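Contents: one structure, followed by commentary.
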Amino acid sequence: RGGETIFKNVCAGCHERGGSVILKGSKSLKLADLEKRGIGNVNAIAKIANEGIGYMKVYKHKLKDGEDKILAQWIIQNAEKGWE
């Protein structure tokens, strides 16, 4: 699966279009917000996508092999573009 598909299936319920936060307690995926939290890079996002954090703990190990990196690269690319 590609990054966009993974995002739509797993992440978009709480992170609609990346920058918008749907659920209270969800964090923005805007680049400035990611960088402010020290996670504005592919490795940090991949780790969170795979292990979960906060509300995302329920998604721990839900992604298949390599999907965490694919998703993280897609998120960073879109964050760098401002989630156009």
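Before moving on, here are some points about what is shown:
- Considered as a group, the residues in the range 23-34 that are open to solvent by 60 Å² or more (accessible area, probe 1.4 Å) and more than 25 Å from G66 (Cβ to Cβ) include one that is modelled with the highest pLDDT, and that residue is A32.
- All positions within the range 51-67 that are at pLDDT 90 or above and buried (at least 17 other Cβ atoms within 10 Å of the Cβ): L63, E67
- Filter pass, I45 being out of contact with any Gly (no Cβ under 8 Å at 6 or more places or on another chain) and at negative phi: yes
- Taken over the range 41-77, the residue count meeting the criterion of being outside any helix (DSSP H, G or I) and touching a Lys or Arg at 6+ places or on another chain (Cβ under 6 Å) is 1.
- In the range 33-76, the residues that are of a type in the set (S, T, N, Q) and free of Cβ contacts under 8 Å to residues at least 40 places away in the same chain: N41, N43, N50
- Of the residues making up the range 31-40, just one is assigned to a loop (DSSP other than H, G, I, E, B) and basic (K, R), namely R37.
- Filtered residues of the range 56-84 (kept if of a type in the set (F, W, Y) and closer than 11 Å to G3 by Cα): W74
- Output for the range 5-22, where each listed residue is surrounded by 15 or more Cβ atoms within 10 Å (Cβ to Cβ) and modelled with pLDDT of 85 or more: I6, F7, V10, C11
The values are calculated or read from the model by the stated rules, or taken from the named source; none is laboratory data. For clarity, every value in this text was computed on a predicted model and none was experimentally measured. Note: ideal-geometry Cβ built from the backbone for every residue, glycine included; neighbour counts use all protein chains shown. Each accessible area value is taken on the protein alone, full model and side chains, heavy atoms only, with ligands, DNA and RNA left out. Shrake-Rupley method; radii C 1.70, N 1.55, O 1.52, S 1.80 Å.
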